[in-house]
Amino acid sequence: MKKQTIAFVLGLLASTCALAQSSAVSVRDPWVRATVAAAKSTGAFMQLQSERDVRLVSVRSPVAGVAEIHQMSMQGDMMKMQAVDGLDLPAGKPVNLASGGYHLMLMDLKRQLKEGETIPLTLQVQGKNKKTETISVDVPVRAINYAAPQGKH
């Protein structure tokens, strides 16, 4: 009986250690910009924070044929937007996904996104050990002219 108890306790400890290794990424204030009927793309914005160093490596949503992590930057007098292969989430530091910087692009939309509805997004993060974790988020759709309050995204 003692061997079984010891084995059980060791199993619990191993499980607890495995849980402590999870990324524990928090998602704050997520939102997606509403679209007009003919639009085929929109942006998704939020604040991400992880308890340990991880990297956002992909995003997907059933409302979009393509979902990508994008970066907007100024190059001379031109604003450029391009897909990036990932975004580092340093431990303990909030990372804003906002207009004018890093954000998520939902393209090849399958339907119009209307203010007031909620859409699912799936984020995938990868730790330094190359293990991935999936985070599911229900994201509210905001008005086309919505602007996040200052200090947020």
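For region 72-93, the candidate set comprises residues that are out of contact with any Lys or Arg (no Cβ under 8 Å at 6 or more places or on another chain) and in a loop (DSSP other than H, G, I, E, B); within that set, the residue that is surrounded by the most Cβ atoms within 10 Å (Cβ to Cβ) is PRO90.
Conditions (1) out of contact with any strand residue (DSSP E or B) (no Cβ under 8 Å at 6 or more places or on another chain); (2) at pLDDT 95 or above; (3) surrounded by 14 or more Cβ atoms within 10 Å (Cβ to Cβ); (4) not in a strand (DSSP E or B), marked per residue:
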site: LEU19; (1), (2), (3), (4): yes, no, no, yes
site: THR35; (1), (2), (3), (4): no, yes, yes, yes
site: PHE45; (1), (2), (3), (4): no, yes, yes, no
site: LEU48; (1), (2), (3), (4): no, yes, yes, no
site: VAL59; (1), (2), (3), (4): no, yes, yes, no
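Of the residues ASN129, ASN96, ASN145, which single one is within 17 Å of VAL25 (Cβ to Cβ) and modelled with pLDDT under 95?
Numbers: ASN96 fails: modelled with pLDDT under 95; ASN145 fails: within 17 Å of VAL25 (Cβ to Cβ).
After ruling out the rest, the residue left standing is ASN129.
The values are calculated or read from the model by the stated rules, or taken from the named source; none is laboratory data. Because the structure is a prediction, the values reported are computed rather than measured. No Cβ is skipped: glycine too gets one built from the backbone with ideal geometry, and neighbour counts run over all protein chains shown.
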